[in-house]
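Asks: Sharing a structure, written as structure tokens. Questions coming.
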Amino acid sequence: QVQLVESGGGLVQPGGSLRLSCAASGSIFNIYAMGWYRQAPGKQRELVATINSGGSTDYADAVKGRFAISRDNAKNTVYLQMNSLKPEDTAVYYCNVESIFAYWGQGTQVTVSS
């Protein structure tokens, strides 16, 4: 049974920072990519950032220069450092792990508001 446990969401003022974490546990092998997606109310889920096993990263244009994704392969954990947050970053953020199958976390709410 594979489980993804997310943490780090919350309420922050515009311009603030948050760090999301996602730890994968269980029988999961050969992870080749980990990432974060988000879904705002009334919108489709969209890619935020991904990182592959070699450390190569990819970001949505909307977050480039503000967000940074990293991973700890030994811990099967992926992080998302979010800086200079904007109200439009408000969404539920989902962790994603790609191996033989795709796994999703339960989501963590990020709200950017004054």
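The values are calculated or read from the model by the stated rules, or taken from the named source; none is laboratory data. Model, not experiment: these values are computed from the prediction. With ideal geometry, Cβ positions are generated from the backbone for all residues, glycine too; neighbour counts draw on all protein chains shown. Surface areas here come from the heavy atoms of the whole protein model, side chains and all, with no ligands, DNA or RNA. Shrake-Rupley method; radii C 1.70, N 1.55, O 1.52, S 1.80 Å.
Asks: In region 41-60, how many residues are under 21 Å from Thr111 (Cβ atoms), touching a helix residue (DSSP H, G or I) at 6+ places or on another chain (Cβ under 8 Å) and among the small types (Gly, Ala, Ser)?
Replies: Looking only at that region, the number is 1.
For (1) under 18 Å from Ser7 (Cα atoms); (2) of a type in the set (Ser, Thr, Tyr), each residue gets a yes or a no:
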residue: Ala33; (1), (2): no, no
residue: Ala60; (1), (2): no, no
residue: Phe67; (1), (2): yes, no
residue: Ser70; (1), (2): yes, yes
residue: Tyr103; (1), (2): yes, yes
residue: Gln106; (1), (2): yes, no
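Asks: Another question, if that's okay. Output the residue which, of all residues in region 78-93 that are open to solvent by less than 40 Å² (accessible area, probe 1.4 Å) and among the hydroxyl-bearing types (Ser, Thr, Tyr), is nearest to Asn30 (Cα to Cα). First the steps, then the outcome.
Replies: Of all residues in region 78-93, those open to solvent by less than 40 Å² (accessible area, probe 1.4 Å) come to 78, 80, 82, 85, 89-93.
Going one step further and asking which of them are among the hydroxyl-bearing types (Ser, Thr, Tyr), we end up with 90, 93.
Values: Thr90: 32, Tyr93: 24 Å.
Out of the qualifying residues, it is Tyr93.
Asks: Could you run through region 5-22 and say how many residues are loosely packed, with under 12 Cβ neighbours inside 10 Å and farther than 15 Å from Thr90 by Cβ?
Replies: Going through region 5-22 one residue at a time, the tally reaches 0.
Asks: Inside region 40-77, can you point out the residues that are closer than 26 Å to Ser113 by Cβ, open to solvent by less than 70 Å² (accessible area, probe 1.4 Å) and basic (Lys, Arg)? Lay out the reasoning, then the answer.
Replies: Pass one, region 40-77, residues closer than 26 Å to Ser113 by Cβ: 40-49, 59-69.
Filter once more, so that each one left must be open to solvent by less than 70 Å² (accessible area, probe 1.4 Å): 40, 47-49, 59-60, 62-63, 66-69.
Listed by number, the list holds a single entry, Arg66.
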